[in-house]
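Asks: Below: one structure in structure tokens.
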Amino acid sequence: MMKNKMKVALFLAATMMIGSANAYAASTTVPQTKIKPAAASSVKSEKLTSSLDDQIYELTKGLKPGQMVAYYAADKEYNPLDQIYFASKGFVYDTYSDYLKKAKAMDAPALTKPNVLPKGYVFQNAVLYLKSPEKTSDLYKKLEKELKAEAAKGNKTLYTQAIPDVNEATAVVLNYEKGSVKMDVIANYIHPAPPMNGTPVPAEKPNEKTETIVINGVECVYTDDSKGRDHLDWVDEESQIRYTIWAESAKSDVLSFAKKMLAD
């Protein structure tokens, strides 16, 4: 059961993983399904969940660069928040100059290659992720109304609608390599989190150790992850952009990269 329920989540995690140029910047948002104890799960609900997972997987996999689709799962157990979601595929550029042109045209978060890269590193590619409509936008409300109206009259479980002319980017990734070391530099716009009922409980992450480091006057947080890739984060409050540098076992290189970025 868990393998079926997690199929889409794992696919999305792989495609959204920083530096996933081969996935052509695929991204989407899926509803959080309610995971019940195995004894309380019916064969019917398992089949429905698996079917929806497969449909969303194929929907995302079939998109071409620059395409976005809104979708609505008309099932209360699979989509308990009764929301619409989006699947999209952004752009990948092997040429830095081509990326810069497209990033400017799409009003992407500012992210440029340092004038001088840390020794041994070479630019591999750039990835632009498409911006989904915000919940407060007229487009979101229009899509939600139309998809739910279609669901009310239909007999399917998944309803979709293509979104034409997506011309904004919400995140950028520049991928670099030095031998076997892969370094991914990310910039993404910070979007306000939706209000939550109750008091949030901080997630415990025993495998992570954090350290505050000031670089060229900017406060950064370095996270040492024993079960994953280390990363350095900082925020440009004025532009509302979060920057992150990911790499595995390359702390000195990450800090060197950050120093060059924050000095330019």
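The values are calculated or read from the model by the stated rules, or taken from the named source; none is laboratory data. What you see is a predicted model; the values in this text were computed from it and never measured. Cβ coordinates were reconstructed from backbone atoms using ideal geometry, including for glycine residues, and neighbour counts include every protein chain displayed. SASA here: full protein model, heavy atoms, side chains in, ligands and nucleic acids out. Shrake-Rupley method; radii C 1.70, N 1.55, O 1.52, S 1.80 Å.
Asks: For region 92-115, enumerate the residues that are under 29 Å from residue 145 (Cα atoms) and surrounded by 15 or more Cβ atoms within 10 Å (Cβ to Cβ). Explain how you work it out, then say what you get.
Replies: From region 92-115, those under 29 Å from residue 145 (Cα atoms) are 106-108; that's our starting set.
Result: 106, 108.
Asks: Let me ask you something else. Yes or no: residue 132 open to solvent by 10 Å² or more (accessible area, probe 1.4 Å), of a type in the set (S, T, N, Q) and more than 23 Å from residue 258 (Cα to Cα)? Before the answer, list the steps.
Replies: Details: open to solvent by 10 Å² or more (accessible area, probe 1.4 Å): yes; of a type in the set (S, T, N, Q): yes; more than 23 Å from residue 258 (Cα to Cα): yes.
Yes.
Asks: Hey, can you tell me all the residues within region 135-151 that are of a type in the set (Ser, Thr, Tyr) and open to solvent by 90 Å² or more (accessible area, probe 1.4 Å)?
Replies: The one that is of a type in the set (Ser, Thr, Tyr) and open to solvent by 90 Å² or more (accessible area, probe 1.4 Å): 136.
Asks: Out of (1) among the hydroxyl-bearing types (Ser, Thr, Tyr); (2) over 25 Å from residue 62 (Cα atoms); (3) in a strand (DSSP E or B), the odd one out for residue 136 is which?
Replies: The number of the failed condition is (3).
Asks: Oh, and also: I'd like the full set of residues that are in contact (Cβ under 8 Å) with a residue 12 or more places away in the chain and either crowded, with 19+ Cβ neighbours inside 10 Å or closer than 15 Å to residue 156 by Cβ (or both), limited to region 51-65. Give the steps one after another, and end with the answer.
Replies: Here is the first cut: in region 51-65, the ones in contact (Cβ under 8 Å) with a residue 12 or more places away in the chain are 51-57, 59-61, 63-65.
51, 52, 53, 54, 55, 56, 59, 60, 63, listed by residue number.
Asks: Under the condition of being touching a residue at least 40 places away in the same chain (Cβ under 8 Å) and in contact with a helix residue (DSSP H, G or I) (Cβ under 9 Å, 6 or more places away or on another chain), which residue from region 87-109 is nearest to residue 156 (Cα to Cα)?
Replies: If we take residues in region 87-109 being touching a residue at least 40 places away in the same chain (Cβ under 8 Å) and in contact with a helix residue (DSSP H, G or I) (Cβ under 9 Å, 6 or more places away or on another chain), then 87 is nearest to residue 156 (Cα to Cα).
Asks: Ok, one more. Tell me, which helices (runs of 4 or more DSSP H) wholly within region 1-117 include 1 or more residues that are polar (S, T, N, Q) and modelled with pLDDT of 65 or more?
Replies: 43-61, 96-105
Asks: Which residues, taken from region 237-258, are touching a strand residue (DSSP E or B) at 6+ places or on another chain (Cβ under 7 Å), closer than 24 Å to residue 170 by Cα and open to solvent by 50 Å² or more (accessible area, probe 1.4 Å)?
Replies: Correct list: 240, 242, 246.
Asks: Also, quick follow-up: I'm checking my understanding of the structure. Among residues of region 154-181 that are at pLDDT 95 or above and open to solvent by 70 Å² or more (accessible area, probe 1.4 Å), which one is nearest to the chain's Cα centre (by Cα)?
Replies: Looking at the filtered set, the residue picked out is 168.
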